Amino acid sequence: MHREMSALSIVMILGLSLSSFAQQRAQDAKVAEPKSAVLLFREDFKSGLPNQLPLLPEHLTNSNLELKLYGPGAKAGKDGQSGLWLDDEEDPANPGQKTSYVWSGVAPGSWAVMLREKNNYLDLRGPARLRWRTRPRGLHTLHPLIKLADGTMLVADYGEPSSTYWRESEIYFIDIPRWRSLDPATVAEAPRKAGEPVWTTNVDLSQVDEIGFTDLMAGAGKGAQGNSGIDWIEVYGNPVRRSKASANPGQGQ
């Protein structure tokens, strides 16, 4: 009887060990990070158009992308003199060279510009990174922004500081220390549930639905230095194929 119980115990222990091993293998496979990253997309925004146009979806140059605008300051007012603009003007550091860019100078409130790849989610783990050419001015600091597949919008605790001239920079997502939840309607901090931390430090970046930028501020107006400019943006990572349902969403904001 004692031997039978011992044998049964051994079988049970082996069974539990194999189950635990299988669960660990499945978990390891799930969290395995990509070892390389490819260019997922680049967006330059259309050039050669009249200066100071309200930013619209047709101003994208990449046909695989959708433009999503969020926040009270993003869309143009009825007078056409507010909201986010597409500007096209001479680069002051390169005379004779024109630059087309998104400009927030007359945005009357907080805003966000997001880009959605039509066919793929973005896996931004491992060596994934963002490259862009920007020119924040005054007190404005430009932040990367993501929207996850479950609809959660997060702003990075990383910001491009003010610059007199256009500047190219590169950010590895793994180096962003923490993120903060935003309300897509207001592009301000989202209300927190009881016990929820202010900052999120362990974000699953394996399925990012949209990516973009914000400075979390209204523009200071024409002729003032309080605004953000974005010339172009590149995103490197790995594509994750969307399902047919997610590839054809309803109208966004």
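The values are calculated or read from the model by the stated rules, or taken from the named source; none is laboratory data. Keep in mind it's a predicted model, so treat the numbers as computed, not measured. Glycine gets a Cβ as well: all are built from the backbone with ideal geometry, and neighbour counts include every protein chain shown. What goes into the accessible areas is simple: the full protein's heavy atoms, side chains included, and nothing from ligands, DNA or RNA. Shrake-Rupley method; radii C 1.70, N 1.55, O 1.52, S 1.80 Å.
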For the range 124-150, name all the residues that are closer than 18 Å to residue 198 by Cα and either without any contact (Cβ under 8 Å) to a residue 40 or more places away in the chain or β-branched (Val, Ile, Thr) (or both). 146
What are the residues in the range 53-109 that are polar (S, T, N, Q) and open to solvent by less than 20 Å² (accessible area, probe 1.4 Å), if any? 99, 100, 104
Return only the number of the condition from (1) of a type outside the set (Ser, Thr, Tyr); (2) in contact with a Ser or Thr (Cβ under 6 Å, 6 or more places away or on another chain); (3) at pLDDT below 95 that residue 178 does not satisfy. (3)
Has the range 154-161 got at least one residue that is within 16 Å of the chain's Cα centre (by Cα), modelled with pLDDT of 95 or more, of a type in the set (Val, Ile, Thr) and farther than 24 Å from residue 47 by Cβ? yes
Of all the strands (runs of 3 or more DSSP E) wholly in the range 110-215, which have at least 3 residues that are in contact with a helix residue (DSSP H, G or I) (Cβ under 6 Å, 6 or more places away or on another chain) and surrounded by fewer than 21 Cβ atoms within 10 Å (Cβ to Cβ)? none
Looking at the range 48-63, I want the residues that are closer than 18 Å to residue 77 by Cβ and at pLDDT 95 or above and have a partner that is open to solvent by 60 Å² or more (accessible area, probe 1.4 Å) and of a type outside the set (Lys, Arg) with Cβ atoms under 6 Å, at least 6 apart or on another chain. Which pairs are those? none
